[in-house]
Ligand SMILES: Nc1nc2c(ncn2[C@@H]2O[C@H](COP(=O)(O)OP(=O)(O)OP(=O)(O)O)[C@@H](O)[C@H]2O)c(=O)[nH]1
Ligand SMILES: [Mg+2]
Ligand SMILES: [Zn+2]
């Protein structure tokens with residue numbers, strides 16, 4: 001296999017491109033002319049550019065136009081059209097509706113979503129057995145994985161480094177009911193065959209987890225050759241070195257597609273009410289039957305969550321963490337409402353200002369409306 005994604009030329013059906021995508025690409029109005037327009041699936045996103053698999057040679061396309069027009073940034077895994085401009089070169093024209101999206105809150109004060117990978121079927125939430133299991137991190141990642149619409153699976157990596165991993169598996173069975181968990185090792189080969197069978201056809205599986213836990217090593221194992229660079233972890237604290245810096249979609253030689261991502265330490269939630277409910281089903285279910293709709297599940301009369309806790313069905317630790325995550329989501333909801341209110345009143349002021357200043361103007365010289373709209 002070539003050692004760089006840009007040299008791969010997978011055909012479109014193997015990437016999950018369907019007749020429905022054909023129909024969409026033909027009908028979508030993205031300002032591109034029919035003879036220069038291409039389409040395909042985004043293989044990599046990096047600094048304002050996307051690498052797009054098109055069936056033939058991969059194309060580098062600017063992503064900024066979409067961001068400005070619709071607020072949606074193209075993401076790895078997106079099915080897109082690519083339009084070519086004689087001067088500016090290729091850029092992303094339109095993004096097909098996503099079946100799933102792994103979304104986090106982008107770092108920064110203003111609440112904005114960032115899609116880590118789109119149109120993913122499964123999310124492998126990966127943890128290294130060479131360090132203590134961090135349940136809070138795992139729960140947070142599961143919320144994001146469930147919220148994406150894809151199916152999560154927990155992979156415990158580096159099983160060769162510990163004698164007993166049953167304890168970790170039991171803990172996960174408790175905190176991730178209904179989520180399959182597998183311990184793997186790229187050193188001993190443990191369970192790699194079971195992982196490999198999940199990759200078939202155009203099934204797309206994203207790997208998420210801390211730096212240094214072996215995401216890229218697994219990709220290389222599955223792809224039967226060195227595609228992704230891997231890095232040593234620091235001996236002192238097992239920290240990774242953030243070797244992978246882009247989100248890469250890699251078609252595997254025997255079918256299936258894997259998305260390798262850079263390790264993320266802090267992962268913020270993005271509007272994840274459904275993901276939270278799926279990650280904490282034992283709390284979500286009784287919470288629906290509390291006497292008061294705005295019950296905060298502490299000491300209200302008729303609180304079904306506290307009842308479940310007293311019956312030993314809900315752990316205190318899980319309840320505390322659930323509350324914290326819920327608060328994070330609700331705070332974001334109110335921030336978003338506030339931003340929407342402010343921008344609405346800004347828009348209203350702008351409309352009024354324009355109405356007051358309205359005068360007939362000479363049309364601007366230059367490339368016309370079409371070009372301006374693409375920026
Ligand atoms: N013992 C052991 N080491 C492993 C295993 N898998 C990966 N490693 C080692 O873990 C280190 C980090 O692996 P990477 O694959 O680069 O980790 P990553 O998750 O891709 O890290 P980032 O790209 O930084 O997010 C490397 O030194 C690998 O050789 C395993 O199953 N067992
Ligand atoms: Mg990596
Ligand atoms: Zn309650």
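The values are calculated or read from the model by the stated rules, or taken from the named source; none is laboratory data. This structure is a prediction, so every number in the text was calculated from the model and none was measured. Ideal geometry is used to build each Cβ from the backbone, glycine not excepted, and the neighbour counts take in all protein chains shown.
Taking residue 233 as the residue in question, decide whether it is within 30 Å of residue 332 (Cβ to Cβ), within 12 Å of ligand 1 (Cβ to nearest atom), out of contact with any helix residue (DSSP H, G or I) (no Cβ under 9 Å at 6 or more places or on another chain) and modelled with pLDDT under 95. When the stated conditions are applied, residue 233 does not pass them. Taking segment 236-270 as the range and being exposed (fewer than 15 other Cβ atoms within 10 Å of the Cβ), within 12 Å of ligand 1 (Cβ to nearest atom) and either over 18 Å from residue 104 (Cβ atoms) or in the same structural domain as residue 46 (by TED's automatic domain parsing) (or both) as the test, only 241 passes.
Taken together, 219, 258, 245 contain a single residue that is assigned to a strand (DSSP E or B) and over 30 Å from residue 330 (Cα atoms), which is 258. With respect to the conditions (1) modelled with pLDDT of 95 or more; (2) under 25 Å from residue 340 (Cβ atoms); (3) in a strand (DSSP E or B), residue 114 falls short on a single one, namely (1).
Remark: residue 150 falls outside the filter, which requires a residue to be in contact with a strand residue (DSSP E or B) (Cβ under 7 Å, 6 or more places away or on another chain), within 14 Å of ligand 1 (Cβ to nearest atom) and not assigned by TED's automatic domain parsing to the domain that holds residue 41. Taken over segment 1-21, residues that are part of a helix (DSSP H, G or I) and either modelled with pLDDT of 95 or more or under 17 Å from residue 118 (Cα atoms) (or both) amount to 6. Name the one entry in 75, 33 that is in a loop (DSSP other than H, G, I, E, B) and closer than 20 Å to residue 259 by Cα. Within the list 75, 33, the selection yields 75. Within segment 176-191, can you find the residues that are in a loop (DSSP other than H, G, I, E, B) and away from ligand 2 (no atom under 16 Å from the Cβ)? Scanning segment 176-191 gives 176, 177, 178, 179, 180, 185, 187, 188, 189, 190, 191.
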